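Below is one structure, written out as C-alpha cells; comments come after it.
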C-alpha cells in the first residue's frame, strides 16, 4: 500500500495506483486497486481505552451497485487481525448499515486504541 496520510475531507487522490479518500469519522481510506478483489484499509480515529470488554461495535455503511457482493472485513491492530467477518449486500438494497459486535475476548485483545484499522474487500458471490 502507499504511504498512509490524511487528506482533506471530500478530496480524492490517485498515487501510483493507490487511492486515498477521507471518510467522516476515519483518518483515511487506502485502496490497493479496483473495486473488487483488492483490499482497502480504514484507520479508525484514535480513542482512549474504555477499560471495558463490552460494547465494542463496528458500524459500517456499504452499497453494492450493479451486482450482489460480499464485503469481507477484518479488525486489525498493527499487523494482527483481531476479528474478521463478511456481509452480503444485494444491489437492490441500496446503502445498508451493518453492525459487528466484537466479543469480549476481541475487546480484551486490543492494546492500542490509536492503531486500529478496518481492512476489507469486496468479492462476487
Of all residues in the range 56-72 being touching a strand residue (DSSP E or B) at 6+ places or on another chain (Cβ under 8 Å) and part of a loop (DSSP other than H, G, I, E, B), the one that is nearest to residue 108 (Cα to Cα)
56
Among the residues of the range 74-83, are any under 26 Å from residue 125 (Cβ atoms) and at pLDDT below 85?
no
Return the residue satisfying two criteria in turn: it lies in the range 89-102 and is surrounded by fewer than 13 Cβ atoms within 10 Å (Cβ to Cβ) and without any contact (Cβ under 8 Å) to a residue 40 or more places away in the chain, and of such residues it is nearest to residue 58 (Cα to Cα).
97
Looking for something under 12 Å from the mean Cα position of the chain (by Cα), loosely packed, with under 15 Cβ neighbours inside 10 Å and in a strand (DSSP E or B) - is there at least one such residue anywhere in the range 109-125?
no
Just to be sure, is residue 86 over 18 Å from residue 39 (Cβ atoms) and modelled with pLDDT of 85 or more?
no
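The values are calculated or read from the model by the stated rules, or taken from the named source; none is laboratory data. All figures in this text were calculated on a predicted structure; none of them were measured in a lab. Note: ideal-geometry Cβ built from the backbone for every residue, glycine included; neighbour counts use all protein chains shown.
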